[in-house]
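Let me begin by presenting the structure, written as structure tokens, before commenting on it.
Where a number appears in this text, it was derived from the coordinates with a stated rule and is not lab data. It should be emphasised that the depicted structure is a prediction, and the values quoted were computed from it without experimental measurement. Here the Cβ is made from the backbone with ideal geometry for all residues, glycine too, and neighbour counts use every protein chain on show.
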Amino acid sequence: MSLIKEEKEDIKIEKTFKVKQEKLEEQTDEQFRARVKTPFTQITIVKIEPADVTKPTEIRNVKIEPADVTRPTEIRNVKIKPADVTRPTGIRNVKIEPADVTRPTGIRNAEIYIIGDSCVRYGEKRARETVGVNLGLNARVQWFGFDGLVWKNLLPCFRQCLRTRAVPDVLLIHCGGNDLGIFKSVKLCAAITQDLRELHRSFPQMKMVFSTITQRHKWGSLHPKKIDRARRFINSMMAKSVSSVGGSIVQHPQINYRDPDLFHCDGINFSNRGNDIFLKNITRCLKFHMN
């Protein structure tokens, strides 16, 4: 009986609470305020824009130590070359003229072609036995000697060499001796001059060197004095022609037909002693062009 009585009282209390809650909800704000006698603050709904939400809060009185700002990031496994460490800083009042920067120092590691008749072929052979194929120069010297070469075949031979090779920095030519007595001196000079100018037009950066036609101990059936007179005339004309295209002349005054020891047994090509003189003369001229 006591349990039933307690349940009835609980139900009664719950109903009473619901009735009071319903009445409370039905009251206006003014009525509720008068009933509880408590001042209410007006609540206004404010719409906050994203900018207002993300606006940073002002931070004051925050002390930042210099070490926290300037502390370097740790760098590992960085190899510093001596040039980076010892590079001078603060060099002032140093005036560098353009000439100091662009001044050429000569042709280094030049490509040199020596082309001509059998004298070139024997000269190469002697060079290999003595000073070396490059004549002791800081250059790469290539030799193209052809037995019995006459001037009209010189340009075709040169162009044939260029098919698988680069254009040389310096071209030294020793040719024309086999033409003496076959062609008139004037016509031979005209042909040589024309070909030199054509080479200069085709390869303007290439320096040309003309090795003068040397004396021979024997000229075969030709008259020695007449041939020698034609030789000297052609050499003098070639000096002017080569100079007009920016080239130069190699002379061989030490090679004289009166000294048979300078010549091979055929009286045309040089002996070892004659080749040494020949190589010395062309080497001196090539050094001049390189420096």
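Evaluating 6.51 cos²θ - 1.76 cosθ + 1.60 at θ = phi - 60° for every residue in the stretch 155-163, the Karplus couplings come out as 4, x, 5, 5, 5, 5, 5, 7, 5 Hz, glycine and proline recorded as x.
Report D for the stretch 165-291 in µm² per second (integer): Stokes-Einstein, Kirkwood Rh on Cα pairs, 25 °C, 0.890 mPa s. Approximately 159 µm²/s, per Stokes-Einstein.
Working note: Karplus 6.51/-1.76/1.60 with θ = phi - 60° gives the stretch 211-224 the couplings 7, 4, 5, 8, 6, 10, 6, 9, 10, x, 8, 7, 6, x Hz, where Gly and Pro are set to x. Taking other C-beta atoms within 10 angstrom as a stand-in for reagent exposure, 200, 223 fall in the order 223, 200, fewest first. In this structure, the amide hydrogen of residue 263, modeled 1.01 Å from its nitrogen in the peptide plane, lies closer than 5 angstrom to those of 271, counting only residues at least 5 positions away or on a different chain. Longer than 28 Å from Cα to Cα, which of 152/207; 125/218; 125/240; 184/240; 226/287 are they? Say none if no pair is. From 152/207; 125/218; 125/240; 184/240; 226/287, over 28 Å: 125/240; 226/287.
Across the stretch 257-263, coupling constants 3J(HN,Hα) worked out from phi with the 6.51/-1.76/1.60 Karplus curve, θ = phi - 60°, read 5, 6, 9, x, 5, 7, 10 Hz, and Gly and Pro carry x. Rg and Dmax of the stretch 237-291, based on Cα coordinates, read 13.5, 38 Å.
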